[in-house]
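This report concerns only the one structure given below.
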Amino acid sequence: MSKEGKANIFAYLTAIKNLLEPLQSRLEKIDSKISGQDVKPRLQYYRNEDLKKIFGLSNNTIIKYRQTGVLPYTKLGDIFLYEASKIEKLLNKNGH
């Protein structure tokens, strides 16, 4: 089989996988509800760029909030992740 043929098959299989993944996720949720088990929701995280866009924070403000403990975070390599639920709790606690 030619390289082009292999690439077409790979693209086709990737497209099918992308179509089936959301369906599988929904079926797992339905199955867990039927069987009475709760599915643990995936945690959602913000990155620095998200905080800047959504909340209008500057790089310096984000760094200052991290260093002073105002902003809870997880560091993965060189990437800082901020759990969305913790940010929401922080905002609610401060009346915003």
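The values are calculated or read from the model by the stated rules, or taken from the named source; none is laboratory data. Predicted, not measured: the structure shown is a model, and the values here were computed from it. Neighbour counts are summed over all protein chains in view; Cβ atoms, including those assigned to glycine, are modelled from backbone coordinates with ideal geometry. Side chains are part of the model used for accessible areas, which takes the heavy atoms of the whole protein and leaves out ligands, DNA and RNA. Shrake-Rupley method; radii C 1.70, N 1.55, O 1.52, S 1.80 Å.
Taking residue 34 as the residue in question, decide whether it is of a type in the set (Val, Ile, Thr) and at pLDDT below 85.
Yes, satisfied.
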For the range 2-18, does any single residue satisfy the condition of being open to solvent by less than 70 Å² (accessible area, probe 1.4 Å) and either β-branched (Val, Ile, Thr) or modelled with pLDDT of 95 or more (or both)?
yes
Taking the criterion of being in contact with a strand residue (DSSP E or B) (Cβ under 8 Å, 6 or more places away or on another chain), touching a residue at least 40 places away in the same chain (Cβ under 8 Å) and not β-branched (Val, Ile, Thr), would at least one residue in the range 61-73 satisfy it?
no
Out of all the residues in the range 59-76, which are part of a loop (DSSP other than H, G, I, E, B), open to solvent by less than 70 Å² (accessible area, probe 1.4 Å) and in contact with a Leu (Cβ under 9 Å, 6 or more places away or on another chain)?
70, 71, 72
Run residue 43 past the list (1) modelled with pLDDT under 80; (2) out of contact with any strand residue (DSSP E or B) (no Cβ under 9 Å at 6 or more places or on another chain) and report the number of the one that doesn't hold.
(2)
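Find the residue count for the range 77-95, including only residues that are exposed (fewer than 10 other Cβ atoms within 10 Å of the Cβ) and assigned to a helix (DSSP H, G or I).
So the count comes out to 2.
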